[in-house]
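Single-structure report; data block below.
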Amino acid sequence: MGATDRSKFRPIINETPQSHAPVRGRGASWSPANRFERLHVDLTDVDVVDEDLDESDKPPRVTQYFQDKTKTIIARNQSPDVGFETSINPYRGCEHGCIYCFARPTHEYLGFSAGLDFESRIMVKLDAAPLLETELSSPKWKPQLLMMSGVTDCYQPIERKLKITRACLEVLSRFRNPVAILTKNRLVTRDIDILSELAQHQAVVVNLSITSLDSKLHRILEPRTSPPAARLDAVAQLRAARIPVGVMVAPVIPGINDHEIPAIVDACAKAGAQFAGHVLLRLPWAVAPLFEHWLDEHFPERKAKVLKRVRATRGGNKLYDSRWRKRQIGEGIFAEQISTLFEVSCRRAGMRERPKLSIAGFRRPQQQLEML
């Protein structure tokens with residue numbers, strides 16, 4: 001068996017999606033088999049399904065939270081196309097429920113599903129802030145950019161109550177270590193006080209991910225995120241506070257939201273965004289069947305066209321290409337059209353380059369006290 005055969009995604013069983021209709025407030029509506037599990041029960045089998053159970057009798061999918069007893073908080077990667085080497089993720093799994101999220105398969109390493117489990121079984125790192133302080137205090141730490149939300153959103157709904165992200169930002173502010181934030185939630189404006197302190201040392205940049213201005217599309221594509229108007233308001237508030245702020249038009253989905261690129265960039269510029277980036281739709285592992293089923297539920301008339309265009313951006317015969325330098329932007333005529341449309345929109349809107357952050361202000365508070 002060649003390397004290509006080994007890396008190809010093969011579902012454990014050829015299962016039928018367990019749902020026939022969207023789940024209110026959720027992105028996914030079923031849980032495909034975990035690719036690491038050898039035993040899987042097909043929940044559509046007549047022996048395990050109560051066919052007489054009415055939809056109204058089914059209990060809602062309640063979000064559950066589990067404590068993550070991680071020993072370290074700074075994650076490292078060697079990917080040359082993401083723009084950062086270290087990141088902090090206070091949560092694993094994300095209640096935002098974005099159907100396209102490339103991070104969904106990471107939940108399978110925990111024994112969960114990339115579907116409904118990813119958005120309703122959330123791992124919480126309550127010790128994130130003290131762990132971060134310990135790692136930054138170590139002489140082994142070389143000051144560098146830390147990314148927050150490198151995988152899952154650090155401002156997902158539970159952050160309002162737990163304030164783990166805020167506690168991490170307080171640590172970063174004390175050390176003046178540069179941080180970049182990417183989020184879909186207006187909750188980031190709660191922390192403007194800390195972000196303003198970091199901004200004084202050129203040590204922070206905030207990116208709002210804005211995928212669509214269509215509130216109807218937003219509700220089914222990213223069900224538990226802040227609405228488009230709220231994200232634009234967050235851009236305006238951050239800019240008013242003189243915090244460097246930009247937007248990510250991500251992901252761009254051919255046949256779904258690619259036509260919105262000029263309007264999104266223009267609206268963000270008017271709100272105060274200084275720079276912008278875009279990323280093409282990524283469908284690794286179980287995300288592909290989840291996305292296909294989502295199309296069946298919401299855009300059945302567009303499904304064939306959308307998937308054909310997605311394949312056209314990935315070499316013509318597959319839904320995803322994981323190669324570095326290709327996975328973010330794709331290839332082919334449709335990928336080129338998207339990139340050109342985005343670049344032209346940015347020029348017209350007066351978008352500039354992303355500001356470079358500085359490590360010049362970095363300090364270790366304990367060392368400062370010892371010197372006094």
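The values are calculated or read from the model by the stated rules, or taken from the named source; none is laboratory data. All figures in this text were calculated on a predicted structure; none of them were measured in a lab. Here the Cβ is made from the backbone with ideal geometry for all residues, glycine too, and neighbour counts use every protein chain on show. Each accessible area value is taken on the protein alone, full model and side chains, heavy atoms only, with ligands, DNA and RNA left out. Shrake-Rupley method; radii C 1.70, N 1.55, O 1.52, S 1.80 Å.
Quick notes
- Subset of segment 211-233 that is acidic (D, E) and part of a loop (DSSP other than H, G, I, E, B) - its residue that is nearest to the chain's Cα centre (by Cα): E222
- Selection from segment 128-175 of residues that are under 24 Å from S358 (Cβ atoms), open to solvent by 60 Å² or more (accessible area, probe 1.4 Å) and without any contact (Cβ under 8 Å) to a residue 60 or more places away in the chain: E133, T134, P139, K140, K142, E170
- Residue pairs whose Cβ atoms lie under 6 Å apart, separated by 6 or more positions or on different chains, with the first residue in segment 244-259 and in a strand (DSSP E or B) and the second of a type in the set (F, W, Y) and open to solvent by 10 Å² or more (accessible area, probe 1.4 Å), are P251/Y100.
- Flag for H96 being part of a helix (DSSP H, G or I) and open to solvent by less than 20 Å² (accessible area, probe 1.4 Å): no
- Flag for F118 being modelled with pLDDT of 95 or more, closer than 30 Å to G277 by Cα, open to solvent by 30 Å² or more (accessible area, probe 1.4 Å) and aromatic (F, W, Y): no
- Considering residues of segment 67-86 that are modelled with pLDDT of 95 or more and among the hydrophobic types (A, V, I, L, M, F, W, C) only, the residue nearest to K326 (Cα to Cα): A75
- Any hit, segment 108-119, residues being without any contact (Cβ under 8 Å) to a residue 12 or more places away in the chain and either closer than 24 Å to G93 by Cβ or in a loop (DSSP other than H, G, I, E, B) (or both): no
- Count of segment 87-109 residues which are aliphatic (A, V, I, L, M) and either within 16 Å of K71 (Cα to Cα) or touching a strand residue (DSSP E or B) at 6+ places or on another chain (Cβ under 7 Å) (or both): 1
- Conditions (1) more than 26 Å from P22 (Cα to Cα); (2) open to solvent by 10 Å² or more (accessible area, probe 1.4 Å); (3) charged (D, E, K, R); (4) free of Cβ contacts under 8 Å to residues at least 40 places away in the same chain: number failed by R219: (1)
- The C-beta contact set for segment 316-332 (first residue in contact (Cβ under 8 Å) with a residue 40 or more places away in the chain and over 12 Å from L280 (Cα atoms), second residue open to solvent by 50 Å² or more (accessible area, probe 1.4 Å) and part of a loop (DSSP other than H, G, I, E, B), distance under 7 angstrom, 6+ apart or interchain) comprises W324/P80.
- Counted residues, segment 234-260 - those being under 19 Å from the mean Cα position of the chain (by Cα) and more than 26 Å from Y320 (Cα to Cα): 4
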